[in-house]
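See below for the structure under consideration.
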Amino acid sequence: MKKLSSWFFSITLLAATSAHALTLTSPDFTEGSAIPSKYTCQGADISPAFQWSIIPPATEAYALIARDPDAPNKNWVHWVIYNIPLGTTSIPEGYQAKVDGTLVGKNSWNQSTYQGPCPQSGTHHYRFELYALDQALYVNPDLTASQLEDAMAGHIVGMASITGTYAKH
């Protein structure tokens with residue numbers, strides 16, 4: 001009976017989670033489309049805007065990680081921001097974290113900033129991952145993406161992503 005109730009709980013949790021599936025969009029590019037050069041090393045190199053909705057009920061804060069899984073190391077990080085306050089449902093173009101208490105982690109350049117797509121060759125995919133967390137993270141500033149992922153373990157109540165592409169021209 002215990003095995004059956006555990007299975008039922010898993011199915012119920014899955015149904016409850018999908019009913020509150022976090023969504024992430026950008027007015028600057030759509031899922032799978034090219035990221036405009038304005039947001040890359042060949043343009044102004046500012047962050048695109050993002051919006052999210054269908055907030056999971058237990059959400060208290062958000063985190064966002066932008067990465068390039070096509071880079072030689074398979075995980076080149078372009079942006080790490082966390083402790084985005086509850087009540088926030090968008091990030092404007094050229095977002096400067098720390099204005100609203102949001103913290104900025106270190107990207108793969110060891111910088112606490114957004115650095116846009118800049119592939120050495122070919123077309124790369126850039127995945128922007130938004131995490132809904134059940135609490136703000138009381139951690140040291142300037143975390144790497146890996147350290148942030150460790151800190152988020154057990155606190156993620158929802159996740160959404162959007163992926164764009166870019167090739168230098």
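Annotations for the structure displayed:
- q = 0.10, 0.15, 0.16 Å⁻¹, the chain: log10 I(q)/I(0) [Debye, one scatterer per Cα]: -0.39, -0.82, -0.92
- Calculated from backbone phi, Karplus (6.51, -1.76, 1.60) coupling profile of the stretch 126-142 in Hz, x at Gly/Pro: 10, 9, 9, 10, 9, 10, 8, 10, 7, 6, 5, 9, 9, 9, 5, x, 6
- Straight-line reach from K106: taking Cα to Cα under 19 Å and skipping same-chain neighbours fewer than 8 places apart, the aspartates and glutamates in range are D45, D68, E129, D142, E149, D150.
- Long-range HN-HN contacts of E60 with modeled amide H, under 5 Å: L133, D134, Q135
- Mean-square fluctuations from a GNM of the chain, with a 10 angstrom spring cutoff on Cα atoms, peak among P56, P72, P36 at P72.
- A simple charge model with +1 on the Cβ of Lys and Arg, -1 on the Cβ of Asp and Glu and nothing else charged puts the dipole of the stretch 45-118 at about 180 debye relative to its Cα centre.
- For the stretch 22-166, a crude dipole built from +1 on the beta carbon of Lys and Arg and -1 on the beta carbon of Asp and Glu, taken about the Cα centre, is about 200 debye to the nearest 20.
- Cβ-defined net charge surrounding S47, 11 Å radius [Lys, Arg +1; Asp, Glu -1]: -2
- Rg in Å to one decimal, and Dmax rounded to a whole Å, for the stretch 25-101 via C-alpha atoms: 13.6, 40
- Taking other residues whose beta carbon is less than 14 angstrom from the beta carbon of D28, and scoring Lys, Arg as +1 and Asp, Glu as -1, yields -2.
- Where chymotrypsin sites (Phe, Trp or Tyr not before Pro) in DSSP loops with at most 13 other Cβ within 10 Å are excluded, longest remaining stretch of the chain: 1-108
- Dipole axis of the chain (+1 Lys, Arg; -1 Asp, Glu on Cβ), positive-most option in Q51, H78, M159: M159
- Rounded Å value of the spacing that divides the Cα centres of the stretch 41-59 and the stretch 65-125: 10
- J(HN,Hα) series, the stretch 63-75, from Karplus relation 6.51 cos²θ - 1.76 cosθ + 1.60, nearest Hz, glycine and proline x: 9, 9, 10, 10, 9, 10, x, 8, 5, x, 8, 6, 7
Read-outs throughout are calculated quantities, based only on the coordinates presented, and are distinct from any laboratory measurement. Fair warning: this is a prediction, and the values are worked out from it, not measured in the lab. Ideal geometry is used to build each Cβ from the backbone, glycine not excepted, and the neighbour counts take in all protein chains shown.
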